[in-house]
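**Student:** Structure incoming, see below.
Throughout, read-outs are computed from the coordinates displayed, never taken from laboratory work. A quick note: this is a predicted structure, and the numbers were derived from the prediction, not measured. Here the Cβ is made from the backbone with ideal geometry for all residues, glycine too, and neighbour counts use every protein chain on show.
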Amino acid sequence: MTTAPLSYTCAIDAPMRTVWRLMTDFARYRDWNPFVVRAEASGPLDVGTRLKLTAQMPMGYRTHTRHRLTEVSQPDDERASMTYVVAGPLTLLCGGTRRQTLSIQSDGKTLYTSVESFCGPLERFAPANQVDLGVRRHAQALKRMAEHMAKGVAA
């Protein structure tokens with residue numbers, strides 16, 4: 001049985017390409033992201049690229065996880081998306097997928113959506129509440145930084 005996915009959406013007053021650049025610049029996560037405080041990519045942004053992420057959980061502890069990009073859809077005039085899955089042998093017991101999408105709203109703002117899902121026989125032990133809070137912090141920080149960058153570009 002798979003639990004319901006965790007989802008968070010927010011509107012960002014910045015061009016989609018600005019949000020995408022920030023969202024995919026893993027080396028700079030430590031500069032703005034309170035949830036994923038360190039991110040390393042094994043290569044360019046492409047399907048199969050491996051990620052090493054260090055998350056600062058809201059309860060104060062850190063986790064270190066490995067992921068693999070399974071989908072990358074570069075920005076066009078309407079949308080962009082990136083999906084990665086937890087990688088490694090323990091995923092048979094409890095796996096996870098995170099999909100982040102960007103789309104343009106009618107008011108010109110960028111709509112950011114993050115959906116996190118868990119699966120496997122031990123999924124009920126995944127720290128869903130901590131991940132949910134962390135993803136919200138990530139999205140709010142992404143919004144602040146992208147809007148700040150957009151104002152800098154416009155000035």
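**Student:** How compact and how long is the stretch 106-154, expressed as Rg and Dmax of its alpha-carbon atoms in Å?
**Tutor:** In Å, with Rg to one decimal and Dmax whole: 15.4, 50.
**Student:** What are the ³J(HN,Hα) values, in whole Hz, obtained from phi via the Karplus relation 6.51 cos²θ - 1.76 cosθ + 1.60 with θ = phi - 60°, for each residue of the stretch 12-17 in sequence order, with x given for Gly and Pro?
**Tutor:** Each residue of the stretch 12-17 in turn: 10, 7, 7, x, 4, 5 Hz.
**Student:** Send over the Kirkwood Rh of the stretch 1-89, from the inverse of the averaged 1/r over different Cα pairs, rounded to one decimal Å.
**Tutor:** 14.5 Å
**Student:** At 0.36 nm per residue, and after removing the present C-alpha to C-alpha distance, how many nm does the segment from Glu71 to Asp31 gain when stretched out fully?
**Tutor:** Net length gain for the segment: 11.9 nm.
**Student:** Related question: Under 5 Å between amide hydrogens, which residues at least 5 positions from Ala14 or on another chain qualify, with H placed 1.01 Å from N in the peptide plane?
**Tutor:** The list, which skips near neighbours in sequence, is Thr110.
**Student:** Any lysines with Cα under 17 Å of the Lys109 Cα? List them, leaving off those in the same chain fewer than 8 positions away.
**Tutor:** Lys143, Lys151
**Student:** Same structure, new question: When N counts the residues of the stretch 72-146, how does its alpha-carbon radius of gyration compare numerically with 2.2 N^0.38 Å, as a ratio?
**Tutor:** Rounded to two decimals, the normalised Rg is 1.29.
**Student:** How would Ser117, Ser103 line up from fewest to most surrounding beta-carbon atoms within 10 angstrom? Provide the component values of the computation, followed by the final result.
**Tutor:** On the way: Ser117 19, Ser103 15.
So the residues, fewest neighbours to most, are Ser103, Ser117.
**Student:** How large is Rg over Rh for the stretch 56-116, taking Rg from the Cα atoms and Rh as the Kirkwood inverse mean of 1/r across Cα pairs?
**Tutor:** Checking Rg against Rh, the ratio lands at 1.10.
**Student:** Compute the FRET efficiency between Leu122 and Arg144 as 1/(1 + (r/R0)^6), taking r as their Cβ-Cβ distance and R0 = 35 Å, and round to the nearest 0.05.
**Tutor:** 0.50
**Student:** Okay, moving on. State the extension gain, in nm to one decimal, for the chain segment bounded by Asp13 and Val115, taking 0.36 nm per residue of separation less the distance between their alpha-carbons.
**Tutor:** Extra length from Asp13 to Val115 when fully extended: 34.7 nm.
**Student:** Which semi-axis lengths, in whole Å and largest first, follow from the square roots of five times the eigenvalues of the Cα gyration tensor of the chain?
**Tutor:** For the chain, the semi-axes come out at 26, 16, 16 Å.
**Student:** Using a 10 Å cut-off around each Cβ, can you sort His67, His148 from fewest to most neighbouring Cβ atoms?
**Tutor:** Arranged by neighbour count, lowest to highest, His67, His148 become His148, His67.
**Student:** For the stretch 72-86, in order, what is each residue's ³J(HN,Hα) by Karplus, 6.51 cos²θ - 1.76 cosθ + 1.60 with θ = phi - 60°, in whole Hz (x at glycine and Pro)?
**Tutor:** 9, 10, 4, x, 10, 6, 10, 7, 7, 7, 8, 10, 9, 10, 5
**Student:** A follow-up question, please. Set the Förster radius R0 to 30 Å, insert the Cβ-Cβ distance between Gln105 and Asp46 as r into 1/(1 + (r/R0)^6), and round the FRET efficiency to 0.05.
**Tutor:** Given R0 = 30 Å and the Cβ-Cβ separation, E is 0.60.
**Student:** Given the rule -39500 (n - 2.57) for each run of at least 4 DSSP H residues, summed and divided by the residues of the chain, what is its mean residue ellipticity at 222 nm, to the nearest 500 deg cm²/dmol?
**Tutor:** Mean residue ellipticity, 222 nm, calculated: -8000 deg cm²/dmol.
**Student:** How big is the dipole moment of the chain about its Cα centre under a simple scheme where the beta carbon of each Lys and Arg is +1, that of each Asp and Glu is -1, and everything else is neutral? Debye, nearest 20, please.
**Tutor:** Around 500 debye, computed over the chain.
**Student:** At a temperature of 25 °C and a viscosity of 0.890 mPa s, determine how fast the stretch 1-49 diffuses translationally according to Stokes-Einstein, using the Kirkwood radius over alpha-carbon pairs as Rh; express D in µm²/s, rounded to the nearest whole number.
**Tutor:** Reported coefficient: 186 µm²/s.
**Student:** Right, another one. Please arrange Tyr29, Tyr61, Tyr8 by how many other C-beta atoms lie within 10 Å of their C-beta, fewest to most.
**Tutor:** Least crowded to most crowded, the residues run Tyr61, Tyr8, Tyr29.
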